[in-house]
Structure formats: structure tokens, C-alpha cells
Amino acid sequence: MSEARIRALTELDIDGLTRIDEAITGRYRPEVWEQRVVYYMRRDPDAPKVAEQDGKVVGFMLGEVRGGEFGLDEPTGWIEFFGVDPTTRGGGIGRRLTEALLAHFRERGAKIARTMVAARDEEIAKFLGAMGFTAAPLTALERPL
Amino acid sequence: MSDRAPLGGSETTKELPKAYHDAVLHWQRHEFPDYPRLAQDWEHYFPKDQPFCLCARIAQNVSDTIDVGDRTGQPKAMAPRDLEPEAAHQLLAIIRAQASTEFGSIQQHQATLYRANDPADQAWVLRVMAEELRHGYQMIHLLTSADWSPVTDQKPADMVEEILSMKTGSHVLAAFNLEYDSFVDNVVFCAVIDRVGKYQLTMQKVAAYKPFAASMPPMLREEAFHLATGVVPMRRWVEKAAEPSALVTMDQLQRALSKWFARGLEMFGDERGGETNVKLGLKDKTNRTAQEEYIAECEQMLDDLNVRYLRARYKDKDRNAVDAIYAGLKKERGRYVGVSWDEDLLKLPHRGFFRRRGELAFEPIGFDGARFEDVETYIAHVLVRLPEAYRASQDVKHWADTQRKVSRGEMTLKDAVRSMPRLAHVGGACPCANSVRWVVEEAAPTA
């Protein structure tokens, strides 16, 4: 098995993302990933990254630089969607995807990266902690409508 | 700071001098009347995206030294006179051809834009058209912002005039001289022909002429959306094609692929060529290398679409089961519970199928790569695989007549290749009654 190559996401990766999502969640949601991929394709296609190994997408990390959200005026690199094929975890793919996306954020002028993690996703929180992310002085709030 | 996506990296934008800017807008009013609708629909379909800008966008982080060819490591040229004469000559031809494709595709898209059955698909194509207009604008910027006199006697205004005067049928490349038959063509064109555009722009990123190289990254970023505008509607269509009431069938998509794929292959230039452009530092791949990568990418696209179709056909089966069915169908070219490889799935034509240029021009090679002995059998084989409306076109008639003559030895291959639509040297073709040119110089101020 060759080493995974990190590259920019393309429109031909939609099925690869759908596969990983399906492997993780058990749900087949191609239309969801089409919508998400097109969003990035039309805004900053160089930002989202995938890991490709032996011609197969084994990981992805989607995000972009935005400013002005939640009163945070400075350009912020937002990490929004992230997944690694369960059969290839532990090989450093997540780390390499994160490094590639953060490098892109820096190129786009961002000085800070932000993301949100569900409280139940301890594994992801642990991974992001290992990547240098710390708790932000913001609290996510919600209420049913 | 707004929450709109920032311009990619460090970029500057430039507007053309008024005479050229007005010429492009004048052209747009005639050839792209739907353009104003984009601004009206933008917030609905592209919320929070940077507003569209009709301007030249120049990347700032481009290498100062030549990346490929005989002059690798030397400083990139900042003006045409700094290039070797052969490189400057070649580059001028590339820029003109690129401009022709940008304006040409808008003319093609416009004709069937209103036939879209989904308003979102239509809005996406409308944005693609506007971005092609911007790409054409970018090429005009390259032609008019530098002194090309070392390689041409033509004045910048006349070069622009020539480009804006081209119509479907008189463009430089054959792919831009075919009319669309339906909105299926708008979408398949984005997936197949814009994909060639992506390859060309990527290869040109290394160009030894820095202003040209710096034009590529912003265009490439927009091209990514153009490819999605092809692939994503096709993905949705193939899913619906698994239902009996499908508006767009697999057969229609297959025919459109058969119409466009050969023209896409020919956009790379003759398979035996391209070394000169690499040697001159204008591109980093030969024609054959780039074309082979393109073919592999198209194969991947069709695998993706076929699997999406099969998932919709076999809703009760999981991912692994469908993958296994598809692998079996593809390997055996056979059938599986109601699905036929030949009749139901999308296939890439052989690279020799329906060719008019390049190493396989007018070779009687069938869809699967088989060689035909009898020309009439070959023509019938090609016709039956093309969209019905396209079969009745002048373009197909011209191809069939030429194929007959070549196969019977009544026409040389060289003449046959030349007989295809070529650059029309047309001047002063504005259809306005009160003007004879697109580019109108401002009157000199009077004392």
C-alpha cells in the first residue's frame, strides 16, 4: 500500500466522501456531499483537502477562510467537515490533512483556525487537541424552536 | 470584514481600457443577453459568494523564473519582446485560441440555457457563462496590455475585433463550433470540454510569459465550479434515470458523451506534438501525456456516474454489493439482473472514435476500438451513437462526406483535416445598425 497523497478536493471526489461518510454513519447521502462539494468548488476550491491512497479517497477535510461570523471580524480558517476511512485510521492521515488545510488558511491570510466539535465526539476532540486546538472563549448555545 | 469568501491568495484585478471594456459589454448584449439575470439571482443561488466581477484577475504569487524547457531557471518574460520569437508567436496563437473558446462557449450555452428543467442547474450554467466571459476578458487584457508587434502586424483593436466577431462555426477549435441540441449539452459540455480547459490552464500555469502564467490560477479556481456544473447535474440525472419516468435517460447522456468526447480529445492538439511548447517553456506536458491523463479522469467520472446509477437501481443492496456488481459488469461487458453494460451504463468511446484531427484523424475506428473496413458501415456505426438532433446537422454531414472521401482515397488526410471549420478572419461584424465594429475608439477631443 502506497503512502497517502494529500491534494485539493475535486468534483470527482464526491463519491469518495460519500463512501467515507457511509462507512462512519451507515447512511448513504450522495446529495448532501454534492451540495457541500459544490459549495467549496465555487468559493475556494484550493482549500478543501482529500487524502488519496492507491487511487481511493481515504480521508477528507473541508473548510475555508471567512470573516465576520459570530462577531469574529478577523479572517478565520474554519474546519467544517472531516472524515477518515475507518480502515485507514491511525496512519497519520488526519494529521496530514489538518496540516495541509491550516497551511492553506495561512496562505489566505488567516491567523487563526476555528472549529466546533460535538460533545459526544471525544475521539475527534482528542485528535484536534493533539493538533494544537484549545477551548475557545466562546460557548455554543442552542434551543429548540 | 464581510463573511464572503476572500479572493484567492494575493490577487489584483484590472479593468480593460474603456474602448475594450465597452466592446466586451457590447458583445455581451448581443451574444449573452441573460447576463444581467446573474446579478439578480446571485444572492439566491450563490449566497455569500464574492460578487461576480467582469475584470482581469492576476495572481501575485507566481514564480519569477521559468519552470520548464530550454530556458529553465531564467527569468520569466514580462513582455512579448523578452520571449524567443518562436515562443512569442506560439503564445499569441494560444491566447487567441483561448479567447475564442471562452467567447465561443457562451454562444453555445446561450442557445439552450432556457431549456433547463431545474432552475438551479440553469443558474449554475449562467454563472459558468459569466465566468467564461471574464476569462475571455482576461485574454483580451493579455492581448491589449502588451506590445505584440514583434510577432504580429495586427493592431490590438483588430485582434479583439476578430475574436468578438467569431460565431459558432467560425471559432478556432471544433468543439466550439458545434451547436447544442438540448440542455443535456450544456451540462455534458461542462463535464467533458471544460475538463480539457482545466488541463490547458494547469499546463499553462508554468508559462514563461509571466502575465500569462499569472492569469491561470484565478481562471483555474473558477474552472473547478464549471466541472462541478457538469458532473453534479449528471450525477442527479443518472440517479433519476434508474426510474421509469426519467426526463434524461442514460441513452441520452451516452449520446451526448459520444458527441463531445472526440472533440475534447482533439483540443489537446495532435497526439504526436506538444514538445515545442514544452521546450519553449509555455506548457509542462506534451499533448499525448495530457490527453492520456484526461482520458483516465473521464473514465473515473463515468465509473462514478455508473455506480450512482446502480445504487439507485439496486436500492436494497449495500455499497460493497453494488461495487462488486459494477466491477463484474465492467469486466465481462455483460448483464446483471436487468442491467446491461452495453445498453444501460455510460461508456467512454475509444479515442479513435469519430476523430477528425490528430494521429487517428479519419481512421475508421469504432466506439469500442474495432477497425471498420467498409466506410458506409462505419458511418452508420457512428451515426447510430450520436444524438438524433445532432445527426441532422451540417457538422455531421460534413464529417460523413469527408470520411467517405478519405476512405475512398478521393481526398488526402491533410485536406480532410483542413476542411474542418477554421478561424474566420471576419472584421466589423457587430449586428447593430448604427455600428460596424465591436471596438469603437473614442473620438479625439476637439479643441
Exercise. Can you tell me which residues in the range A:107-137 are open to solvent by 90 Å² or more (accessible area, probe 1.4 Å) and touching a residue at least 12 places away in the same chain (Cβ under 8 Å)?
Worked result: A:K111, A:M116
For this session: Please work out which residue is nearest to B:A146 (Cα to Cα), limiting yourself to the range B:117-130 and to residues that are modelled with pLDDT of 95 or more and either outside the structural domain of B:S215 (by TED's automatic domain parsing) or open to solvent by 20 Å² or more (accessible area, probe 1.4 Å) (or both).
Result: B:W124
For this session: State which residue pairs qualify: first residue over 22 Å from B:S245 (Cα atoms) and inside the range B:306-323, second residue assigned to a loop (DSSP other than H, G, I, E, B) in any location, beta carbons under 7 Å apart, and separation of 6 or more residues or different chains.
Result: B:V322/B:Y314
Problem set entry | Yes/no for B:S245 being over 26 Å from A:R42 (Cα atoms), in contact with a Lys or Arg (Cβ under 6 Å, 6 or more places away or on another chain) and among the polar types (S, T, N, Q) | no
For this session: Look at B:V384 and say whether it is surrounded by fewer than 17 Cβ atoms within 10 Å (Cβ to Cβ), modelled with pLDDT under 95 and of a type in the set (A, V, I, L, M, F, W, C).
Result: no
Exercise. Residue check, B:F362 against (1) modelled with pLDDT under 95; (2) open to solvent by less than 60 Å² (accessible area, probe 1.4 Å); (3) touching a helix residue (DSSP H, G or I) at 6+ places or on another chain (Cβ under 7 Å), all met but one. Which one?
Worked result: (1)
For this session: Please name all residue pairs, on different chains or six or more residues apart, with Cβ atoms under 7 Å, provided the first residue is in the range B:48-76 and is within 10 Å of B:A208 (Cα to Cα) and assigned by TED's automatic domain parsing to the domain that holds B:P17 and the second residue is in a strand (DSSP E or B) and open to solvent by 70 Å² or more (accessible area, probe 1.4 Å).
Result: B:D64/B:P75; B:T65/B:P75
Exercise. Could you list, in sequence order, the residues of the range A:11-37 that are closer than 21 Å to B:Q50 by Cα and in contact (Cβ under 8 Å) with a residue 24 or more places away in the chain?
Worked result: A:E11, A:R36, A:V37
Problem set entry | Among the candidates A:V32, A:V37, A:V65, residue that is among the β-branched types (V, I, T), open to solvent by less than 40 Å² (accessible area, probe 1.4 Å) and part of a strand (DSSP E or B) | A:V65
For this session: May I ask you to list the residues in the range A:68-99 that are away from every other protein chain (no Cβ under 14 Å) and open to solvent by 30 Å² or more (accessible area, probe 1.4 Å)?
Result: A:F81, A:F82, A:R89, A:G90, A:G91, A:R95, A:R96, A:E99
Exercise. Quick check, is B:R255 farther than 30 Å from B:I140 by Cα, more than 12 Å from every other protein chain (Cβ to nearest Cβ) and in a helix (DSSP H, G or I)?
Worked result: yes
Seminar exercise, completed: Filtering the range B:221-247 down to residues that are surrounded by fewer than 20 Cβ atoms within 10 Å (Cβ to Cβ) and within 14 Å of chain A (Cβ to nearest Cβ) yields B:R236, B:E239, B:K240, B:A242
Problem set entry | Subset of the range B:302-316 that is over 31 Å from the mean Cα position of the chain (by Cα) and away from every other protein chain (no Cβ under 11 Å) - its residue that is nearest to A:A23 (Cα to Cα) | B:D316
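The values are calculated or read from the model by the stated rules, or taken from the named source; none is laboratory data. Since this is a predicted model, take the numbers as computed values, not measurements. No Cβ is skipped: glycine too gets one built from the backbone with ideal geometry, and neighbour counts run over all protein chains shown. Surface areas here come from the heavy atoms of the whole protein model, side chains and all, with no ligands, DNA or RNA. Shrake-Rupley method; radii C 1.70, N 1.55, O 1.52, S 1.80 Å.
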